[in-house]
Amino acid sequence: MYGKVSLCGSGNFKVLNLGGMAFIHLDVGFLYTLLVCTAFGSMLSNAEIKVNPPQDFEIVDPGYLGYLSLQWQPPLFPDNFKECTIEYELKYRNIDSENWKTIITKNLHYKDGFDLNKGIEAKINTLLPAQCTNGSEVRSSWAETTYWTSPQGNRETKIQDMDCVYYNWQYLVCSWKPGMGVHFDTNYQLFYWYEGLDHSAECTDYIKVNGKNMGCRFPYLESSDYKDFYICVNGSSESQPIRPSYFIFQLQNIVKPMPPDYLSLTVKNSEEINLKWNMPKGPIPAKCFIYEIEFTEDGTTWVTTTVENEIQITRTSNESQKLCFLVRSKVNIYCSDDGIWSEWSDEQCWKGDIWKETLVFFLIPFAFVSIFVLVITCLLLYKQRALLKTIFHTKKEVFSHQDTFC
């Protein structure tokens, strides 16, 4: 006995009952139809699932000189998706940048640093996970927003040649030059912030040139390493608005150490030379240094680097008579992304056959003294001889006179 069942409007299968056992005979056409219908049904189901983008997407400036907050609210959901854990795909960049930064998050906000000299653009969408959508992820359309600081003043009024150095990982000093064509009454103010400060702070120790603020000596900056450091330098003038300038850097990347000291140069044998020095004084760990050595041998100079405070080199000639070297230091790539070389140390030298120079040094004055003594002696002898001769002639005349008298 056979039974026939219709599915999706076409195809069939037969069920044959024999002695209480059932055998199913499937048509090939039915199998194909079944697969097509299943795939189509799945696509139809996913196509019908839609999700809205996040609401109230905005960029908020809390007054931290470039450290901004991107925040949003959850999208509107149908009741059957309210139990799903959703994620958000956030993309953002400065407007002139080619690359987007992408973040996947479950939070309703994200914070990062931006260059406020330029505009910012950001976009975000909603991601429904596969377990909520029959096995495939569903994305919403994008919600977009932009942010610009309020422009004021001409670009030429901004400060020029901003330069900041973190001396010996202890003291931060920044300096700048005034903008082009600014009025003589223009003066500048510097504000800074890094994570850990409750609010931005103004410089309290300005470097002044002709009564104008042209730099800043910062106070001790507690717990400021390996964090973005934000600076804004704005200005004031009664004759024209001054455009502010914004800067972001990390302090460990602008460290300028002290130069090494107590250099020593030892010639071990006819070929090997040992160069050694003390690491710079201050809080920088020994493991954070790289050294550049400038070595000169009889007028020929070459440069090498090392992370140790000692190096062995080989003389190019056993006949070399003068060897000199000096060293400078920098924070290496294991402790920073960049750095500033220190000043060069004092030069340390070794001179070969120094006994010859010593001999010449003493021999020349000795020769002059000896000649001088010899001349004086000769003069004295000559005078003594003349005196004796005079005495002899005098006595001879006396004796002759006495003989005549007798």
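The values are calculated or read from the model by the stated rules, or taken from the named source; none is laboratory data. All of these numbers come straight from a predicted model, not from anything done at the bench. As a convention, Cβ positions derive from the backbone with ideal geometry for all residues, glycine included, and neighbour counts pool all protein chains shown. To get the accessible areas, we keep the full protein, side chains included, count just its heavy atoms, and leave off ligands, DNA and RNA. Shrake-Rupley method; radii C 1.70, N 1.55, O 1.52, S 1.80 Å.
For the reader, a short list of remarks on this structure follows.
- Förster radius 22 Å - calculated FRET efficiency between Glu137 and Thr102, Cβ distance, rounded to 0.05: 0.90
- DSSP bridge orientation in segment 87-223 - percent antiparallel, rounded to nearest 5: 95
- Rounded accessible area per residue of segment 192-288, 1.4 Å, Å²: 53
- Cross-link pairs beyond the 32 Å C-alpha cut-off, checked among Lys158/Lys227; Lys208/Lys281; Lys106/Lys158; Lys50/Lys111; Lys208/Lys287; Lys123/Lys177: Lys106/Lys158; Lys208/Lys287; Lys123/Lys177
- For Lys101, the aspartates and glutamates whose Cα falls under 18 Å of its own Cα, not counting residues fewer than eight places away in the same chain, are Glu58, Glu87, Glu89, Asp112, Asp115, Glu121, Glu144, Asp228.
- Inter-label distance for Ser370 and Gln312, nm, one decimal - labels placed 7 Å from Cα along Cα-to-Cβ: 4.5
- Under a 5 Å amide H cut-off, with hydrogens placed 1.01 Å from N, Asn332 pairs with Phe289, Ile290 among residues at least 5 apart or on other chains.
- Relative contact order %, segment 204-313, counting alpha carbon pairs below 8 Å whose residues are six or more apart: 16
- Sites matching chymotrypsin sites (Phe, Trp or Tyr not before Pro) across segment 150-209 that sit in DSSP coil, with at most 15 neighbouring C-beta atoms within 10 Å: Phe184
- Relative contact order (%) - criterion: Cα under 8 Å, at least six apart; region: segment 95-160: 29
- Note, ³J(HN,Hα) from phi for segment 323-331, Karplus 6.51, -1.76, 1.60, rounded to Hz, x at Gly and Pro: 10, 9, 8, 9, 9, 9, 10, 7, 6
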